[in-house]
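Contents: one structure, followed by commentary.
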Amino acid sequence: MNYLGQPVFPFTPNWRDAISRGIQFELRPEDVGYGQEYFTPTQSWTVNQWQLSVELPTPSDIVAFKAFVAGQVGPLKGFWLPMPLAAAQITAGASTSVFSIAAEGLSTFWQDRPDTTLFFTFHDGTQAAAQIQSVVPAGATETVTLTAPLPQIPDAGTSIQKLQFVRFAGDKQPSKFVAEGYQIRNITLIELPLEYAVPLVGLRPIFLFHFWGAAPVNTHWYYTSFASPVASAGRIYANFPVDFSDLEDAHDGTSTPLKLTAKPDATSPLSLFLPVPFSGILYCEIFCVDYTAPDVQTLMFSGRVVSVEDGGSKLTPTCESRLAYLKRKILRALKGLTCGNIYCDPKTCKIGRANEQTTVNIVAINAGPPMTIVCSFAFPALAAKFQALNFFAQGLFESGLGLNYEARTILASTWNAGTQQLTLTLNLALQKTQPGAQAEVTDGCDHQPSTCIAKNNYQHFFGLPFVPPRNPTLKGINANPVSQGGK
């Protein structure tokens, strides 16, 4: 369940292992001149740290725990933790928002800390949360009034705990398997005292992410890092684990890269960069809205995704703003035997991509390894030049549109004149493409002068094929190697 837009930790602590609680109050030394150091408090409350273990007795529980952790992307992504210890003992319930508890002095200390929210578990297993409005002593009991009504009247059998706003202390949670499909996870949680006001008063800034790509993708994705979907300016932004840090803005026209953190997902636009770099451009915009006014968008970032690092459990995209376009330099000739131009680049290579690609019909897909597909040419009359051995080697395979778009590198190609079929070897298995679909295949380039000559493009060859591959001076020195005792 969610409370005030933030998830509640849904797993029960393992009572077989000891649950430890650490309380810390930060005292930071400050230097005053050359005098004696003194300590001054820099926090309003103490910080609680919980170390506990969670039993996951079935594979589905293990998957559920991984899904919950994956949703907490970002270093300060908080959630609610029902404290392992009971907060109070209910004696009687007067209404859905008023009940009595056994006197424990709650009326004198409930406002001393920011964790003023109670978590209720009723007889039927339903759960609810509500914030304390007041606590009044009444002899042997105390009367608690809540700010919002509960779904049912709490009685003496209702379990009551306090909710603390916490986050994971690190990205790793040690685990061990005690049996097949039975796992125990050890986790460390840290309370965020200064963050309670964020969900309680609804002032948390909500960040909206807009990704889109040009043809052939031609799709828009709308995400939010908030715990639930957000409707803003006529669009629905789906909740998705994505976050960012270190967003900088300078007044001198310089641009600094923006790092995102996101959950790996085959349906997200970031998957276009895996396993091979995306051949097109994926644009990115980040907006900030207020919880109370989600239609008023403030643009925080506008640019494009330049690369995506695959970390296994998370993806780390790097984005550059439009100011980064100003620092690009014109491509210069590389002093080497091969050409440094980008193949089919209209500004440098000059070879038209339309003349180097063709449409194929996929007949069969063999998972391999290696991954191969058997296909036929959609336009056989125009396919004579594409039948040469390894004509498509180092080329590009593209299939699908929008969310079904896939791109792979072609490692080899062979033509069977008897069956009139083309076999392509790909660098990675296809996930979405099925037999019967069509795909675009583009031949590759080995950046050799002979290739440019064959394609009548030698005037745009950017290498220096007549440069000796080895320094003649060094070749003469090493002509007669003589052993010098290892020196």
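Readers should treat all values here as calculations from the given coordinates under stated rules, not as data from a laboratory. Treat the numbers as computed from the prediction; the structure is a model and nothing was measured. FYI the Cβ positions are ideal-geometry reconstructions off the backbone, even for glycines, and counts take in every protein chain you see.
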For the range 357-443, the fraction of alpha-carbon pairs in successive 5 Å shells from zero, as %: 3, 16, 30, 30, 16, 6, 1, 0
Can you give me the distance in nm between label points at residue 367 and residue 173, each placed 7 Å from the Cα along the Cα-to-Cβ direction? 3.0 nm
Give me the number: length gained by fully extending residue 274 to residue 309, i.e. 0.36 nm times residue separation minus the C-alpha to C-alpha distance, one decimal in nm. 11.7 nm
I want to check the label-to-label distance for residue 45 and residue 300. Put each point 7 Å from Cα in the C-beta direction and report it in nm to one decimal. 2.4 nm
How many nm is it between the label spots at residue 259 and residue 140, if each spot is 7 Å from the Cα in line with the beta carbon? 6.0 nm
Using alpha carbons only, how many angstrom separate the centre of the range 418-440 from the centre of the range 261-302? 30 Å
The Rg/Rh figure for the range 333-372, Cα atoms and Kirkwood Rh, to two decimals is 1.22
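Arranged by the count of other C-beta atoms within 10 angstrom, fewest first, what order do 302, 232, 450 take?
Fewest-to-most ranking of 302, 232, 450: 450, 302, 232.
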Env charge @ residue 392, Cβ radius under 10 Å, K,R +1 / D,E -1, value -2
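Could you put 411, 403, 282 in order, starting from the residue whose Cβ has the fewest other Cβ atoms within 10 Å?
Values: 411 18, 403 14, 282 21.
Ordered by Cβ neighbours within 10 Å, fewest first: 403, 411, 282.
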Residues residue 420 and residue 231, FRET efficiency given R0 of 60 Å [Cβ-Cβ distance, rounded to 0.05]: 0.65
Could you state, as a whole-number percent, how many of the C-alpha pairs of the range 2-197 are farther apart than 29 Å? 34 percent
Mind checking the log10 I(q)/I(0) for the range 205-327 at q = 0.22 Å⁻¹? Debye, one equal scatterer per Cα, no solvent, two decimals. -1.39
Expressed in nm to one decimal, what extension gain is obtained for the pair residue 404 and residue 350 from 0.36 nm per residue of sequence separation less their Cα-Cα distance? 16.4 nm
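Could you calculate the FRET efficiency of residue 67 with residue 466 from 1/(1 + (r/R0)^6), where r is the beta carbon distance between them and R0 is 51 Å, rounded to 0.05?
Calculated transfer efficiency: 0.25.
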Can you flag which of 66/162; 162/263; 172/259; 350/432; 162/314; 77/432 are past 28 Å Cα-Cα? 162/263; 350/432; 162/314; 77/432
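Kindly rank 9-22, 138-151 from highest to lowest mean number of other beta carbons found within 10 Å of each residue.
138-151, 9-22
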